[in-house]
Amino acid sequence: MTTYTTIESPLGELLLVGRGGKLASLSMPGQRTAPAVRADWRRDDAAFAEATTQLAAYFAGRLTRFELPFAAAGTEFQRRVWQAVDAVPYGTTTTYGALAARLGLARSDTPAVGAALAANPLLIVRPCHRVIGADGSMRGYAGGVERKVRLLTHEGALRPTLV
């Protein structure tokens, strides 16, 4: 059975979707590829109590690494990329090319790494927002570049900008 809940966050309302007691998706409003709640899904706030607690601690600056069971499926290649991005420490960034190199891939495979990150169904908790362009540019975040900047600023990887 698919369950879901929604929680408020500094990035807007987050939709958490689970299967078998594991987190399968975490999405944001306006996100491309975000799932929509279906009639056969059951709202179950209690099933997401630990995820909600960890997300609140993350946004409060008290948590730097999520410890949640994931049910998200992907291809073998996507899972390899996701495992590599899970190893990028809080408060740091890496590039798409560096991630490809860490996986032993050719530079020409860098776009495939970007595509695997774009398919990540677990925004925030699987930190694809920590991957940036080789020139330091912000690109390729399903939740939107402005949210990527906000997450990296929150983590201390970027300096806040004055306007």
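Keeping the other protein chains in place, figure out the carbon and sulfur percent of the accessible area of the chain, with a 1.4 Å probe. List each step's numbers first, then the result.
Values: 4520 of 8370 Å².
Carbon-and-sulfur percentage of accessible area, whole number: 54.
Taken one residue at a time, the phi angles of the stretch 140-157 give Karplus couplings (6.51, -1.76, 1.60, θ = phi - 60°) of x, 10, 4, x, x, 4, 4, 6, 4, 4, 4, 5, 5, 5, 4, 7, x, 7 Hz. Gly and Pro are set to x.
As a test of the formula, what do you get for the chain when each DSSP H run with n ≥ 4 contributes -39,500 (n - 2.57) and the sum is divided by the residue count, at 222 nm and rounded to the nearest 500 deg cm²/dmol?
When only DSSP H runs of four or more count, the value is -9000 deg cm²/dmol.
Ligands, DNA and RNA are left out, and with a 1.4 angstrom probe the accessible area of the stretch 24-163 is 52 Å² per residue. Springs between Cα atoms under 10 Å define the GNM used for the chain, and in it the highest mean-square fluctuation of PHE77, PHE59, PHE48 occurs at PHE77. Note on THR75: accessible area approximately 80 square angstrom, rounded to 10, probe 1.4 Å, nucleic acids and ligands left out. The angle between the Cα long axis of helix 49-59 and the main principal axis of the chain comes to about 40°, on a 0 to 90 degree scale. Normalised by 2.2 N^0.38 Å, where N counts its residues, the alpha-carbon radius of gyration of the stretch 2-149 equals 1.03. Couplings for the stretch 4-20, taken from phi via the Karplus curve 6.51 cos²θ - 1.76 cosθ + 1.60 with θ = phi - 60°, read 8, 8, 10, 9, 7, 8, x, 9, x, 5, 9, 9, 10, 10, x, 9, x Hz in order; Gly and Pro are left as x.
The values are calculated or read from the model by the stated rules, or taken from the named source; none is laboratory data. Treat the numbers as computed from the prediction; the structure is a model and nothing was measured. Remember, those area values only see protein heavy atoms, side chains included, never the ligands or the DNA or RNA. Shrake-Rupley method; radii C 1.70, N 1.55, O 1.52, S 1.80 Å.
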